[in-house]
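Undergrad: Mind looking over this structure? Questions follow.
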Amino acid sequence: MHLILMALPLMIASCSDNNLDNPATVPTDIIAPVVNTKADLTLGITTDKAVYKPGETVKFSIDGTLPSSAHVRYRHGAKVIADEPLSATSWTWTPPHDDYTGYLADVYTTADTNQETLYATIGVDVSSDWGRFPRYGFIASYGSNKTSEVIASEMAMLNRCHINGLQFYDWQYKQHWPLGGTPDALLDSYKDIANRDNYTSVVKDYIDQAHSLGMKAMFYDLCFGAFDDAKADGVDDRWYMYTNRNHSEKDCVRLPSGWKSDIYLVDPSNTGWQTYFADRVDDVYKALQFDGFHIDQLGKRNTIYDYYGSQINLPNGYASFVKAMKERQPEKRLVMNAVSNYGADKIVSTGCMDFMYTEMWGSEDKFVDLYNVMKANTRSSGGKLKQVYAAYMNYNHQQPKFNVPGVLLTDAVMFALGASHLELGDDHMLCSEYFPNSDVKMSEDLKKHIVSYYDFLTAYQNLLRDGGTEIVSDLATSKTDVRINSWPPMLGAVTTFSKRVDNKQVVHLLNFRQANSLSWRDIDGTMPEPDAIENLTLRLHAKNVKKLWVASPDYLGGAAQELQYRQEGDDVVFTVPQLKYWTMIVAE
């Protein structure tokens, strides 16, 4: 048996054990890489922005001592764009003017034995608009402890991970009156919904620093929330949603007793409410330099009615609200949460979204659900919108730190599918739907891996997130202890997810051999670390291969490694140096 690749747009077929019936058909001799490369990733490297517009110059900095004879190399995929000697720890590079392009820069030396040593790698995104390749983060606290120095330190980590947009969660004064004060009389400080102190100067500082790094700043609020004092602020009782036909009980979300108010729900399709709230949004934009509005919802509700007893269609209401916000401020950006993907098709149909944002829960907790949601949203948007997941890891975890294998396997799957993960914030990683919750911490080991994963997502964005046609890969190996199956994932196996992108076959190897669950949540933090597979010899059905290379966020800092291969008829035989969580094979 050898690998067979078939074009199959918008459908992924599952296959069983793909060990060879006759292992001798895959040679067991190791086919060496073109260059023998090792990693000594001891140098910290940063860029001055998270994203660059075409024509902008990238400023790099190295933290550490450069080795003698160091070079810096810039690659798009495996193609070397430029390679030059490096003698200083700060330097600049102006990428080609191509828009929406990812690059990887690596600092290396070459020995007389033709062995390269890599010391640092970093991704670079040249994109004029964040919606093409969204990498979304969040801000969740605005207290007096957030000095400019503290903010700069937090933003440095987000910048290092190339986060190009931030959701300002619970920054607002009230759900129905988000601005603290009025544009002409801003409050210096005010209580948020949880009665935390928010400082207007801190909100402004976060926005300014985000903009200096090329990031978008999006203010968060519900599309239909009102506090118990909303009537005094001009919210009409006839605008609400009710749980009965005689408007005697407003639909409501009960919050802890020490919080500022419960949240009463307004009909998002009510034109009176839309006008009122658009006025409040105007005030926000007059006072603060937000780039747009991150609109939240609460998922599917029980049967609800308007003031006059008519049943409300919430998805249609969401679409109506979105259009009203866009009509009032057409130059501002919009993103709307689809909780469990509820109402997503209607949200997409507005044509107003920068990308699709889905909050995933227990009803869609399998790795295959990530694919199904993304597939549905891609279809609804005609392939135009990218996918971002709000997906909370280790939700029931009682330990002080995140479980590294669970986080990395989930990110590997999301990124390989072509999506990104809302998980990184001002000073912590998300562990729950209440974004200020920082009970679970990132270990230093996880931080190091996360940087590598976001470098990889950025550097190879054109292969990961820029279209292509899904194909089925039936991959063959002579290793009797390695089982390979095509998507969807299977416990105990290496799962492949494949696409054809332009003239390239892109095959992702995702390691589920030691996985104990097919749920992305790793809800109790028990996902075990996978054993790395070294020197995995494979056979791939691929005609007329001109170049074959691999890259992994788990290996060599994500740097592309060109491989030697043997063409045998319509197949190529080659050896992948390592597979830990995720390795990408590219046959050109």
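Undergrad: May I have the pair-distance distribution P(r) for region 56-189, computed from all Cα-Cα distances with 10 Å bins from 0 and rounded to whole percent?
TA: It works out to 9, 29, 27, 18, 11, 5, 1, in whole percents.
Undergrad: Could you tell me the center-to-center distance, by alpha carbons, between region 79-103 and region 335-360 in angstrom?
TA: If you average the Cα positions of each part, the centres end up 36 Å apart.
Undergrad: Now, a different point. Over all directions, how big on average is the projection of the convex hull of the alpha-carbon atoms in region 480-562, in square nanometres?
TA: 6.8 nm²
Undergrad: How big, in percent, is the set of alpha carbon pairs in region 238-287 lying more than 14 Å apart? Walk me through the intermediate numbers first.
TA: Working: 773 of 1225 pairs.
Summing the P(r) tail past 14 Å for region 238-287 gives 63 percent.
Undergrad: Whole-Hz Karplus ³J(HN,Hα) for region 387-401, in order, using 6.51 cos²θ - 1.76 cosθ + 1.60 and θ = phi - 60°, x for Gly and Pro?
TA: 10, 10, 9, 9, 9, 9, 7, 6, 4, 9, 5, 9, 8, x, 10
Undergrad: Can you tell me what share of the DSSP beta bridges in the chain is antiparallel? A percent to the nearest 5 is fine.
TA: Here the share of antiparallel DSSP bridges comes out near 70 percent.
Undergrad: Net charge around residue 514, counting only other residues with Cβ within less than 10 Å of its Cβ (Lys, Arg = +1; Asp, Glu = -1)? Write down the numbers at each step before the final one.
TA: Details: positive: 513; negative: 529, 531.
Its environment carries a net charge of -1.
Undergrad: Can you give me the convex hull volume of the Cα atoms of region 396-553, divided per residue and expressed in Å³?
TA: In region 396-553, the Cα hull volume divided by residue count equals 126 Å³.
Undergrad: Between residue 149 and residue 524, what is the label-point separation in nm under the 7 Å Cα-to-beta-carbon projection?
TA: About 4.5 nm, to one decimal.
Undergrad: Using alpha carbons only, how many degrees (0 to 90, rounded to 10) separate the axis of helix 200-212 from the longest principal axis of the chain?
TA: 30 degrees
Undergrad: Report the calculated FRET efficiency for residue 252 and residue 444 (r = Cβ-Cβ distance, R0 = 35 Å), to the nearest 0.05.
TA: 0.20
Undergrad: In vacuo Debye scattering of the chain, one point per C-alpha: log10 I(q)/I(0) at q = 0.06, 0.10 Å⁻¹?
TA: At q = 0.06, 0.10 Å⁻¹ the computed log10 ratios are -0.33, -0.87.
Undergrad: Next question. Would you report the distance distribution of C-alpha pairs in region 262-352 as whole percents per 5 angstrom bin, up to the bin with the largest distance?
TA: Over region 262-352, the share of Cα pairs per 5 Å bin runs 3, 13, 24, 25, 19, 11, 4, 1, 0 percent.
Undergrad: Whose amide H sits under 5 Å from the amide H of residue 216, counting only residues 5 or more places off or on another chain, with H placed in the peptide plane?
TA: Sorted by chain and number, the residues that satisfy this are 165, 166.
Undergrad: Right, here's the next one. Once every DSSP H run of n ≥ 4 in the chain is given -39500 (n - 2.57) and the sum is divided by its residues, what mean residue ellipticity at 222 nm do you get, rounded to the nearest 500 deg cm²/dmol?
TA: Details: 9 runs with 112 residues, N = 588.
Mean residue ellipticity at 222 nm (helix-derived): -6000 deg cm²/dmol.
Undergrad: Using a 7 Å offset from Cα along Cα-Cβ at residue 228, what residues in region 188-222 end up with backbone N under 16 Å from the label point?
TA: In region 188-222, the label zone of residue 228 (backbone N under 16 Å from the point 7 Å along Cα→Cβ) covers 193-195.
Undergrad: Hey, another quick one. Helix 314-328 sits at what angle to the longest principal axis of the chain, using alpha carbons and giving 0 to 90 degrees rounded to 10?
TA: The answer is roughly 90 degrees.
Undergrad: Nearest 5 is fine: what % of DSSP beta bridges in region 320-436 come out antiparallel, could you say?
TA: Among the beta bridges of region 320-436, antiparallel pairing accounts for roughly 10 percent.
Undergrad: Something else now. Using only Cα atoms, tell me the angle between helix 404-417 and the longest principal axis of the chain; keep it within 0 to 90° and round to the nearest 10.
TA: 90 degrees
Undergrad: Turning to a different aspect of this structure: Just subtract the alpha-carbon distance of residue 69 and residue 236 from 0.36 nm times their residue separation and send over the number in nm, one decimal. Write down the numbers at each step before the final one.
TA: Working: separation 167, 0.36 × 167 = 60.12 nm, distance 7.16 nm.
Residue separation times 0.36 nm, minus the Cα-Cα distance, leaves 53.0 nm.
Undergrad: Determine, from the Cβ-Cβ distance of residue 92 and residue 36 and an R0 of 41 Å, the FRET efficiency 1/(1 + (r/R0)^6), rounded to the nearest 0.05.
TA: For R0 = 41 Å, the calculated efficiency reads 0.85.
Undergrad: Need one word for region 157-226: rounded, prolate or oblate. Basis is the Cα gyration tensor (sqrt eigenvalues a ≥ b ≥ c); a/c below 1.5 gives rounded, then a/b vs b/c decides.
TA: prolate
Coordinate-derived values only; no laboratory data. Computed from a predicted model, the values in this text were never measured in an experiment. As a convention, Cβ positions derive from the backbone with ideal geometry for all residues, glycine included, and neighbour counts pool all protein chains shown.
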